[in-house]
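Here the structure comes first, spelled out in structure tokens, and everything after it is commentary.
The values are calculated or read from the model by the stated rules, or taken from the named source; none is laboratory data. Keep in mind that what you see is a predicted model, and the values were worked out from it rather than measured. Reconstructed Cβ throughout: ideal geometry from the backbone, glycine too, with neighbour counts over all protein chains shown. Ligands, DNA and RNA are excluded from the accessible area calculation, which covers all protein heavy atoms including side chains. Shrake-Rupley method; radii C 1.70, N 1.55, O 1.52, S 1.80 Å.
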Amino acid sequence: SPKDISGDRWDFRNQRIREAFAKVLDDFSPHVVHFHNLVGLSVTMIDECQLRGIPTVLTLHDYWGICFKNTMTKNDGSLCLQGGFDCLGCKEMLLGEPPLPSPVRNAHVELSLHKVDRFISPSHYLAERYAANGVPRARISVIKYGIDLERFRTVPRPRHKLTLGFIGHL
């Protein structure tokens, strides 16, 4: 809901979402879970995968995992290269009073990110920002956006039906 991503609330450990996701995992029994974004959801979805021994992949599209503003810019407009206690200076940029200091939020999210098996980043820069903020660099693969279709022209196509699922927002 809009309040889950508003500045006066950091509901990144949502028990209701965790329970609903656990049911999805139990119903579908996936071999791997690929997360694209956890904004407004719950980092505890990673825990549910870990409890079931399901490998996880997280594509890094933005800075949400390391910056509560999701911009990696300081209030004066300068670039922020590492969060930590520097995040306290951005507190007034949020609407309302957050229930946790930003370094505490970041620590909770980082603990969850350490449980992810592999990360995909569309750029070296984004990968390095996450590595500088605690994500093991060895688990981050840089795969630039785009598809080289020539690689697939000679691949035989199966005749059975392929079903893909997507849960997310634009």
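Things to note:
- A single entry from SER121, SER102 fulfils the requirement of being over 20 Å from ARG13 (Cβ atoms) and open to solvent by less than 30 Å² (accessible area, probe 1.4 Å): SER121.
- The selection criterion, being at pLDDT below 85, of a type outside the set (S, T, N, Q) and within 18 Å of CYS67 (Cβ to Cβ), holds for ASP86.
- Residue within the stretch 62-71 that is closer than 19 Å to HIS108 by Cα and β-branched (Val, Ile, Thr) present: yes
- When residues of the stretch 1-43 are limited to those that are under 18 Å from ILE66 (Cβ atoms) and polar (S, T, N, Q), the one modelled with the lowest pLDDT: ASN37
- Candidate set from the stretch 124-152 (those that are modelled with pLDDT of 90 or more, in a helix (DSSP H, G or I) and open to solvent by 40 Å² or more (accessible area, probe 1.4 Å)); member that is farthest from TYR63 (Cα to Cα): ALA138
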